[in-house]
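The block underneath contains the structure these notes are about, expressed in structure tokens.
All of the numbers you see were taken from the coordinates with simple rules; none came from a lab. Only a predicted model underlies this, so the values are computations on that prediction, with no experimental measurement involved. Note: ideal-geometry Cβ built from the backbone for every residue, glycine included; neighbour counts use all protein chains shown.
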Amino acid sequence: MDMLFAIDVGNTNIVLGLAEKGKWLETWRISTDIRRTVDEYFTIISALLAAALYPPSLVSGVVITNVVPPIQGTLEQVVHKLFKRVPLVVGEGARTGIKIRTDNPREVGADRIVNSVAAYHLYGGPAIVVDFGTATTFDVVSAHGEYLGGAIAPGIGISAEALFLRASKLSRVELERPKRAIGKNTVESMQSGLIFGYAGLVEGMIARLKRELGQKAQVIATGGLAQIVASETTCIDVINDQLTLEGLRIIYELNVPG
């Protein structure tokens, strides 16, 4: 039984996925922590696999995308120790099947390319990908599957934390939809600004990107907070929580046929 193990390292969370024949059997989300040792990550991932009743010996390939460089060596050691494999690392000469039409292709985050690959393969182009992560990224893919560039905004979590840290009378709040836009107390007011205000940011950015693109484009959302924001706007066509994992699977298959 040949299985693929995918590792998507973000600034806040690491998403792990186990796939067989193009289907994701299990996905997990753990916190990103550069202080964890090889043994700690080994123990965590081993426990997740054991709980799902999938021994590491079933894994025939591993693929990694990573936006936190200090953790790269640790994870590669974990992969070697746990799976006895050398991982395919997106961004180190790996074929992606997508042309990058930016001023400096090397500076584009690997996760943004992975998302764009998945969006084009799954939905076609033109497409706009909105990834609600630590930062919220907007990525534009042409009708011919080219990565054209995009935009980066502070994530909704960062925005909430900035309010707490920089405004002495404001406390942390849950990122939940308030009952109304006109908040009747401080918590409601902050939630309104964060949730409804962020929906407005997304709508405005997508409108601008579509105008510059000059074509209709399908909008695909992913990331931990995609559901919350997407429910407040009609500009998002598809929500795919596994978009990055799908991109990793596609890129792995491009580089390791069969």
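Counting only GluC sites (Glu not before Pro) that sit in a DSSP loop (anything but H, G, I, E, B) with at most 13 other Cβ atoms within 10 Å, what is the longest stretch of the chain containing none of them?
In the chain, the maximal stretch lacking such sites is 1-91.
For Val238, Val141, Val202, which order do you get if you count the other beta carbons within 10 Å of each Cβ and list the fewest first? Write out the running numbers ahead of the final one.
Details: Val238 17, Val141 28, Val202 24.
Neighbour counts put them in this order, fewest first: Val238, Val202, Val141.
Put a dot 7 Å past each Cα toward the Cβ at Gln227 and Glu26; how far apart are the dots in nm?
That separation, rounded to one decimal, is 2.1 nm.
Can you give the extra length, in nm with one decimal, that the chain gains between Val86 and Ala52 once fully stretched, where that is 0.36 nm per residue apart less the Cα-Cα distance?
Computed gain between Val86 and Ala52 is 9.9 nm.
Number of Lys pairs in the chain with C-alpha atoms less than 26 angstrom apart, excluding same-chain neighbours closer than eight positions?
For the chain, qualifying lysine pairs total 8.
Work out, in µm²/s and without decimals, the Stokes-Einstein translational diffusion coefficient of region 1-70 at 25 °C, 0.890 mPa s, Rh from Kirkwood over C-alpha pairs.
195
Just to confirm a number: summing +1 for Lys and Arg and -1 for Asp and Glu over residues other than Ala226 whose beta-carbon lies under 13 angstrom from that of Ala226, what do you get? It would help to have the intermediate numbers written out before the result.
Numbers: positive: none; negative: Asp131, Glu232, Asp237, Asp241.
So the surrounding residues net to -4.
Roughly speaking, what is the centre-to-centre gap between region 134-165 and region 1-76 when only Cα atoms are used, to the nearest Å?
If you average the Cα positions of each part, the centres end up 24 Å apart.
As a test of the formula, what do you get for the chain when each DSSP H run with n ≥ 4 contributes -39,500 (n - 2.57) and the sum is divided by the residue count, at 222 nm and rounded to the nearest 500 deg cm²/dmol?
Computed ellipticity for the chain at 222 nm equals -11000 deg cm²/dmol.
Can you tell me the length gained on complete extension of the stretch Arg180 to Asn11, counting 0.36 nm per residue apart and subtracting the Cα distance? Please list the in-between numbers first.
Numbers: separation 169, 0.36 × 169 = 60.84 nm, distance 3.18 nm.
That pair, Arg180 and Asn11, stretches by 57.7 nm at full extension.
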